[in-house]
Amino acid sequence: MNLLQKIESLREQQIASIALMRDNYRALNSIEHRDFHLGPMKVRAIYNPARVISSAAKVDAASIAARPCFLCTQNRLEGQRSVPFLDGKYDILVNPYPIFDHHYVIAAHSHVRQKIGRRITDMWQLASELEGYTVFYNGPRCGASAPDHMHFQAVASTELSLWNALDATSPEHVGQTGNAVMSKANGLPISVFVIDSTTAEDAYKLANLLYPTFPIDSNEEWEPRFNMLATSTEQGVRIAVIPRPRHRPSFYTYDPTDEKGMTVSPASIDAAGVLVLPRRIDFNRLDEKTILSIYNETCVMPC
């Protein structure tokens, strides 16, 4: 079996054997959604109470140090299995708290912090093998609920409106390195840089030129703030890089009784057109103005 067949087989086995996964994947059948349009980009808001574990995750250093790492082998769910990738460098797991019907976590086998660096070549390789999927990376300050353990995630590309929106825009050429070309999307509500490449190494080289142009706080420990998504194309792999000035909007709250704030914690999925809302009150009152406020505060606005 190829990698795609292996992970889909794993998904079926895990949902059948682990009650938590079975319940959470079954619950997706009744997920409510509302659609909005911001120019060429459709934004789908989904109400998913189970995702509060991620949206309200405490990611400060003290909280992380006080809890066991749930991506490490010894702390995973009982019965949770994985498919190895790149000779065991990564473990591909079925996400027990899914946003979509097909949702995987690709965790580094070793406990190392979330920092992409040269691992962009691993991401490129993974996207090239998982045809029809989007592999994404949440930066340690941009939505990763486990910033202490390196990981990617993968979902079906058809779930994300970003790719169709990019096809509907007029790209602005930015630069080229070898077999990788970078452009900037125009007409979207957020800034998105696109790297189209036929080799993983050229994609890495071009991305490495892009990162230093992103703002970074003086006390930032790891890397500039950005989200990254990758999907296979007929020519190779397309990578979308979304710079982020902050993780959560100023009106964010994790207090379930706070009716003025909003429990919304944007990561790659949200920037790619799917806003995840674990509270009913937030889902009901969301409108285009609020979506723009979320993007205005957490993503870099286009020039």
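The values are calculated or read from the model by the stated rules, or taken from the named source; none is laboratory data. Computed from a predicted model, the values in this text were never measured in an experiment. Because the Cβ atoms are built from the backbone with ideal geometry, glycine has one as well, and the counts that use them run over all protein chains shown. Surface accessibility is based on the protein's heavy atoms, side chains included, excluding ligands, DNA and RNA. Shrake-Rupley method; radii C 1.70, N 1.55, O 1.52, S 1.80 Å.
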Inset, instruction - Sticking with the crude label model, points 7 Å out along Cα→Cβ, report the distance from Arg285 to Leu3 in nm, one decimal please. - result: 4.4
Inset, instruction - For the chain, with a Gaussian network of springs between Cα atoms less than 10 Å apart, report the residue from Leu162, Leu275, Leu20 with the top mean-square fluctuation. - result: Leu20
Inset, instruction - Project the alpha carbons of the chain onto their principal axes and report the range along each, largest first, in whole Å. - result: 49, 48, 38
Inset, instruction - Once you have the Cα-Cα distance between Ser30 and Leu86, take 0.36 nm times their residue separation minus that, and quote the gain in nm to one decimal. - result: 16.6 nm
Inset, instruction - Just read off the accessible area of Ser82 with the full protein assembly in place, 1.4 Å probe, to the nearest 10 Å². - result: 50
Legend entry - D (Stokes-Einstein, µm²/s), Kirkwood Cα radius, the stretch 105-197, 1.306 mPa s at 10 °C: 108
Inset, instruction - Tally up the carbon and sulfur contribution to the accessible surface of the chain as a whole percent, 1.4 Å probe, everything protein left in place. - result: 50
Inset, instruction - For the stretch 68-83, take each phi angle, set θ = phi - 60°, evaluate the Karplus expression 6.51 cos²θ - 1.76 cosθ + 1.60, and give the result in whole Hz per residue in order, putting x for glycine and proline. - result: x, 6, 6, 9, 6, 3, 6, 10, 6, 4, 4, x, 6, 10, 8, 10
Legend entry - Residue of Pro49, Pro249, Pro224 that the Gaussian network model of the chain assigns the largest fluctuation, springs spanning Cα pairs under 10 Å: Pro49
Inset, instruction - Name the most mobile residue of Leu93, Leu292, Leu209, meaning the one with the largest mean-square fluctuation, in a Gaussian network model of the chain with Cα contacts below 10 Å. - result: Leu209
Legend entry - Percent of alpha-carbon pairs separated by more than 17 Å within the stretch 209-303: 57
Inset, instruction - Work out from phi, with θ = phi - 60° and the Karplus expression 6.51 cos²θ - 1.76 cosθ + 1.60, the ³J(HN,Hα) of each residue of the stretch 170-186, listed in order in whole Hz, and give x for Gly and Pro. - result: 9, x, 9, 4, 10, x, 8, 9, x, 9, 10, 10, 10, 9, 10, 6, 10
Legend entry - Local net charge near Asn179, Cβ-Cβ under 12 Å (Lys/Arg +1, Asp/Glu -1): -2
Inset, instruction - Determine the per residue accessible area of the chain with all protein chains present and a 1.4 angstrom probe, expressed in square angstrom. - result: 44
Legend entry - Placed amide H near Val264: partners under 5 Å, 5+ positions off or other chain: Thr253
Inset, instruction - Calculate the length of the line joining the C-alpha centroid of the stretch 158-198 to that of the stretch 222-288, in whole Å. - result: 19
Inset, instruction - Quick one: how many lysine pairs does the chain have with C-alpha atoms less than 21 Å apart and a gap of 8 or more or different chains? Give me the count, please. - result: 9
